[in-house]
């Protein structure tokens, strides 16, 4: 199981990768995708919405369950990964194959960058799931 050191994590199993100009990518962790098993559908209806930290921004559906996706920090959802979108590429298994790369779920614009400091680093997250 992977725990990239350049990411921040939540105890709800989302990850955050901060980029330039307070933009960030969000996805689910390797642990989460393993627990869910093969993903069959990902829904994000919050594009353009400003959401608080912990708010639901979408759902992931696996063969046996559906789970909510929670915002790791406050921000505006600016993009849904087109490769996962049913209307575009429609390959939700990218999250299973490459959860920290091509399997990112949304791009957000941070509204309070200081919240990033509240998230877990790789070592702290590893202790939660080990």
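The values are calculated or read from the model by the stated rules, or taken from the named source; none is laboratory data. These numbers were taken from a predicted model, which means no experiment stands behind them. Cβ coordinates were reconstructed from backbone atoms using ideal geometry, including for glycine residues, and neighbour counts include every protein chain displayed.
Numbers at a glance
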item: Flag if residue 51 is surrounded by 14 or more Cβ atoms within 10 Å (Cβ to Cβ) and either at pLDDT 95 or above or within 19 Å of residue 21 (Cα to Cα) (or both); result: yes
item: Pick from the stretch 93-110, criterion touching a strand residue (DSSP E or B) at 6+ places or on another chain (Cβ under 9 Å) and closer than 14 Å to residue 36 by Cβ, ranking: surrounded by the most Cβ atoms within 10 Å (Cβ to Cβ); result: 95
item: Residue 88, sole failed condition from (1) at pLDDT below 95; (2) over 23 Å from residue 125 (Cβ atoms); (3) in contact with a strand residue (DSSP E or B) (Cβ under 8 Å, 6 or more places away or on another chain); result: (3)
item: Residue satisfying all of: in the stretch 33-47; in a loop (DSSP other than H, G, I, E, B) and buried (at least 17 other Cβ atoms within 10 Å of the Cβ); nearest to the chain's Cα centre (by Cα) among these; result: 44
item: In the stretch 63-91, the residues that are assigned to a loop (DSSP other than H, G, I, E, B) and under 29 Å from residue 112 (Cα atoms); result: 71, 72, 73, 74, 81, 82, 83, 84, 85
item: From 86, 115, residue being farther than 17 Å from residue 17 by Cβ and either over 13 Å from the mean Cα position of the chain (by Cα) or crowded, with 18+ Cβ neighbours inside 10 Å (or both); result: 86
